[in-house]
Amino acid sequence: MRINKLTSTAIAVVACGSLALGAAGPALAAPEPRPAVKPVEPKAVVQQRLDTAGALGETFTLVARIGKEAQAKSPDVKTLRSLQQQLQKSSDQLLRSARKARPSHPAAGPAGRAVPDPTAEIKQALDKLVKDVTKLIADVARKDTAAVVMDVAATLMDLKDLLAKIPPVLTGAAAQSAGTVGAAG
């Protein structure tokens, strides 16, 4: 009996498919594994993290408004001081909400050492930001445009530094994320 090439190819495909199905059969017949169930975080923890994100956004918005006003053709120092007061309140709110949202148990880092509290770093970043904004407003009052440009750049760097310190609080992660945000830019 003669078999043409098409028939022999079809027989080979069927044989290979049969062998593959025979080998994979037990795996295909096994029940589907159950997905890992992540523990649901309490609503209060999630709410605190959202409050922290909101306070961070308000802080960024205020610094942007201060920077824009400082670089305006005729900046209003009274408006800048009002925005500075709002920034201080926003910074205080950000720090309070970050303290409430941080992980309740200190986690161990490499070699079993405790990871530093991210809120201490956030406080340092906020203090530096407020200090630089104060300097910016003083330079605007003195009408030192070159210093104003440098001060605006410094406040933007302060925001970048602050942003790098926030993720452990928002995610509840124990590991430090400093440098990951700044590394890309």
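The values are calculated or read from the model by the stated rules, or taken from the named source; none is laboratory data. These numbers were taken from a predicted model, which means no experiment stands behind them. Note: ideal-geometry Cβ built from the backbone for every residue, glycine included; neighbour counts use all protein chains shown. These accessible areas exclude ligands, DNA and RNA; they are computed on the full protein's heavy atoms, side chains included. Shrake-Rupley method; radii C 1.70, N 1.55, O 1.52, S 1.80 Å.
Can you give me the number of residues within the range 40-58 that are in a helix (DSSP H, G or I) and either modelled with pLDDT of 95 or more or of a type in the set (D, E, K, R) (or both)? Let's see the steps before the verdict.
Applying the first criterion (in a helix (DSSP H, G or I)) to the range 40-58 yields 43-58.
If we keep only those that are either modelled with pLDDT of 95 or more or of a type in the set (D, E, K, R) (or both) as well, we get 43, 49, 51, 58.
Residues that pass the stated criteria total 4.
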Reported set for the range 40-76 where residues are open to solvent by less than 50 Å² (accessible area, probe 1.4 Å) and under 16 Å from residue 134 (Cβ atoms) is 59, 62, 63, 66, 67, 69, 70, 75
When the range 59-76 is examined, which residues are found to be of a type in the set (Asp, Glu) and outside any loop (DSSP other than H, G, I, E, B)?
69
Report yes if some residue within the range 77-100 is closer than 30 Å to residue 128 by Cβ and either modelled with pLDDT under 85 or in a loop (DSSP other than H, G, I, E, B) (or both); otherwise report no.
yes
Kindly evaluate residue 171 against the criterion of being touching a helix residue (DSSP H, G or I) at 6+ places or on another chain (Cβ under 9 Å), within 19 Å of residue 49 (Cα to Cα), modelled with pLDDT under 85 and not aliphatic (A, V, I, L, M).
yes
